[in-house]
Amino acid sequence: QVQLVESGGGLVQAGGSLRLSCAASGRTFSRLSMGWLRQAPGEEREFVAAITWSGGKTYYADSVKGRFTISRDNAKNTVSLQMNSLKPEDTAIYYCAATPLLLNSPEWTDFGSWGQGTQVTVSS
């Protein structure tokens, strides 16, 4: 099992930036593909971004492509999500997630472990 703890959420105006971080412990981090999911009130959980175990390949939802960047540091067991040009529709609880699966067109259901989440609120 892997334990995931997110940090970095908050309130920001539209057009602003936030950086989310996730600290992982437990299972061998460098063997896991990592991702970020989000869930807005009344909506289903959705995939946001993912990165392979080596960091060599990244995936993004169309809605965040060009604005969000996922990265990882296997030496520190952390994964981050840099969010720029934030929009009110980005408002959601953001979850760090992990999977031992090889990623190919990832969806949120590919991730079997996730943290408690961190709230991101973007005001207009």
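The figures follow:
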read-out: Segment 43-119 - percent of accessible surface contributed by carbon and sulfur, probe 1.4 Å; value: 46
read-out: Local net charge near residue 99, Cβ-Cβ under 15 Å (Lys/Arg +1, Asp/Glu -1); value: +3
read-out: D_trans [Stokes-Einstein, Kirkwood Rh over alpha-carbon pairs] for segment 48-109, 37 °C, 0.692 mPa s, µm² s⁻¹; value: 261
read-out: Loop sites in segment 1-95: chymotrypsin sites (Phe, Trp or Tyr not before Pro), DSSP, at most 12 other Cβ within 10 Å; value: none
read-out: Potential lengthening between residue 3 and residue 43 on full extension [0.36 nm per residue; Cα-Cα distance subtracted]; value: 11.9 nm
read-out: Residues of the chain: accessible area per residue with a 1.4 Å probe, Å²; value: 52
read-out: Solvent exposure, largest accessible area first (probe 1.4 Å, DNA, RNA and ligands not counted), of 107, 46; value: 107, 46
read-out: q = 0.17 Å⁻¹: log10 I(q)/I(0) that the Debye formula gives for the chain, counting C-alpha atoms only; value: -0.76
read-out: Net charge over other residues, Cβ less than 15 angstrom from the Cβ of residue 86 (K, R count +1; D, E count -1); value: +3
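The values are calculated or read from the model by the stated rules, or taken from the named source; none is laboratory data. Just so you know, these numbers come straight off a predicted model, no measurement behind them. Quick reminder, even Gly has a Cβ in these numbers, built from the backbone with ideal geometry, and neighbours come from all protein chains shown. Remember, those area values only see protein heavy atoms, side chains included, never the ligands or the DNA or RNA. Shrake-Rupley method; radii C 1.70, N 1.55, O 1.52, S 1.80 Å.
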